[in-house]
Structures are given as C-alpha cells and as structure tokens.
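The structure appears below as structure tokens.
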Amino acid sequence: MITLTRTFTFESAHRLAKGYPDKCKNIHGHSFTGELRVACDRLDCYDMGVDFAVLKDFLKNIEDYFDHKLILHESDSQLIALCENEDWEIVTLPQNPTSEVLAQMIFEQARLVLEAKHPCKIVSVMIAETCTSKCVYHDS
C-alpha cells in the first residue's frame, strides 16, 4: 500500500449560525490549510499510484471554490441577502461551516471525483483553520 499526500490552502471567512453562542457567531476569517491523503495498492503504467498532478488539479478546484469567499449556513438569510445584493461571493452549506463540515465535504467530493477515475482510496482530509487547531475526517 502506498499513501500519497497533497496539501492545499485557501483564504475564507465564515461565521457559525444556528444560534451558536460564542465569538465564532461573528464573521471572521482564516487561512485554511488542508491535506488530502490517498492510498493506492498498485502502481499504474508510469509506476505511480496517482499522478500528483491529478491531485493538484482536484485541489485547485477546491481552492477556487472557497478562496476569498464568505462561507455561510444556508439559513443565514439576512446575511446571504446582503451578500447577494452587494454581489459578494459566498458559499452556502446545509450545515454550519465548521472545519469538520469542510473536511467531510472535501472528502466526499474527492471520493466521487478521484476514486471513479483512479485506482486509489481516499484515506483522509485534514483541515486546519489556525496553526493550533485542525480536524481530520476519514472513513471508519
């Protein structure tokens, strides 16, 4: 078994809605860093598990999707309306935009995109929103 890892970053702001009582209910930003880990049990005709360029292309799409956008819970209607009125770029999610939710979302997208075309298994996605706080999502 071979494990490959590729890192990624994006700059985004978010806030926790749904009645969250602490300071993260306010809009604030992070320099998110992440890590995608895949495992391969065989090599391809070029003696690679998965070409790092494939992982880079996938993660570029993830970075572009979130970078310099405000990530909100879909029920945050007044803030969403303001952003749309001002033509500010947002991403809305059906859950609070926590590191846990972002990691799971990226994991599931990687599974759909990468496992369908390449002989690999998605092992985990790590998201760090600060240099001291990170979350790792992996299949049981």
| said: Condition first: free of Cβ contacts under 8 Å to residues at least 24 places away in the same chain, touching an Asp or Glu at 6+ places or on another chain (Cβ under 9 Å) and either surrounded by fewer than 17 Cβ atoms within 10 Å (Cβ to Cβ) or not small (Gly, Ala, Ser) (or both). Can you find one or more residues in the stretch 35-47 that meet it? | reply: no
| task | Could you please let me know if residue 128 is open to solvent by less than 60 Å² (accessible area, probe 1.4 Å), in contact (Cβ under 8 Å) with a residue 24 or more places away in the chain, small (Gly, Ala, Ser) and more than 23 Å from residue 14 (Cα to Cα)? | result | no
| remark: Selection from the stretch 74-100 of residues open to solvent by less than 20 Å² (accessible area, probe 1.4 Å), under 24 Å from residue 134 (Cβ atoms) and in a helix (DSSP H, G or I) yields 99
| Which of (1) in contact with a Gly (Cβ under 9 Å, 6 or more places away or on another chain); (2) surrounded by fewer than 17 Cβ atoms within 10 Å (Cβ to Cβ); (3) at pLDDT 95 or above does residue 119 not meet, given it meets every other one? | (3)
| When residue 71 is evaluated against the numbered criteria (1) in a strand (DSSP E or B); (2) open to solvent by less than 10 Å² (accessible area, probe 1.4 Å); (3) in contact with a Leu (Cβ under 8 Å, 6 or more places away or on another chain); (4) closer than 16 Å to residue 134 by Cβ, which criterion, by number, is the only one it fails? | (4)
| field | Conditions (1) assigned to a helix (DSSP H, G or I); (2) within 17 Å of residue 126 (Cα to Cα); (3) touching a residue at least 12 places away in the same chain (Cβ under 8 Å); (4) not basic (Lys, Arg): number failed by residue 61 | value | (3)
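The values are calculated or read from the model by the stated rules, or taken from the named source; none is laboratory data. Worth saying up front: this structure is predicted, and the values here are computed from it rather than measured. Positions of Cβ are backbone-derived with ideal geometry, glycine not excepted, and every protein chain shown enters the neighbour counts. Side chains included, ligands, DNA and RNA excluded: accessible areas come from the protein's heavy atoms. Shrake-Rupley method; radii C 1.70, N 1.55, O 1.52, S 1.80 Å.
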